[in-house]
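Undergrad: Here it is, the structure in full.
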Amino acid sequence: MCPVSEREQEIALLVGQGLSNKDIADRLHISTITVRHHLTNLFQKLGINTRLKLLRWVHQKGLVGCSPPI
């Protein structure tokens, strides 16, 4: 399994906070296409295929309650 980048962790954390792709894009000043690209990479690296499974990964990594930079 490839390591998850800091940006991918940041995206995962924002998904964990219930943000949509558009909300994440707006928060990070990137396009929704870039958000989708990061999510696709995350899903591949983690061997998952749903946002729910990504939420489980965020929880297991202890990223719940962390605050990403604004």
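Undergrad: When the residues of the stretch 32-50 are filtered to those that are hydroxyl-bearing (Ser, Thr, Tyr), in a helix (DSSP H, G or I) and out of contact with any Leu (no Cβ under 9 Å at 6 or more places or on another chain), which remaining residue is most open to solvent (accessible area, probe 1.4 Å)? Break it down into steps so the answer makes sense when it comes.
TA: First, the residues of the stretch 32-50 that are hydroxyl-bearing (Ser, Thr, Tyr): 32, 34, 40, 50.
When the remaining residues are screened for being in a helix (DSSP H, G or I), the result is 32, 34, 40.
Then drop every residue that is not out of contact with any Leu (no Cβ under 9 Å at 6 or more places or on another chain), which leaves 32, 40.
On the way: Thr32: 60, Thr40: 76 Å².
Going through the qualifying residues, I end up with Thr40.
Undergrad: Which pairs do you get when a residue that is under 14 Å from Gly16 (Cα atoms), found in the stretch 29-43, comes within reach of a residue that is among the acidic types (Asp, Glu) and part of a helix (DSSP H, G or I), reach meaning Cβ atoms under 8 angstrom, with the pair 6+ apart or on two chains?
TA: From the stretch 29-43, the pairs are Leu42/Glu8.
Undergrad: What pairs come up if the first residue lies in the stretch 1-23 and is at pLDDT 90 or above, the second is of a type in the set (S, T, N, Q), and their beta carbons are under 7 Å apart, counting only those six or more places apart or on different chains?
TA: Hits for this filter: Glu8/Asn41; Asn21/Thr32; Lys22/Thr32.
The values are calculated or read from the model by the stated rules, or taken from the named source; none is laboratory data. Predicted model, so just to flag it, every value in this text is computed and none were measured. Cβ atoms come from the backbone with ideal geometry, glycine included; neighbour counts cover every protein chain shown. Ligands, DNA and RNA are stripped out before the accessible areas are found, and what is left, the full protein with its side chains, is counted by its heavy atoms. Shrake-Rupley method; radii C 1.70, N 1.55, O 1.52, S 1.80 Å.
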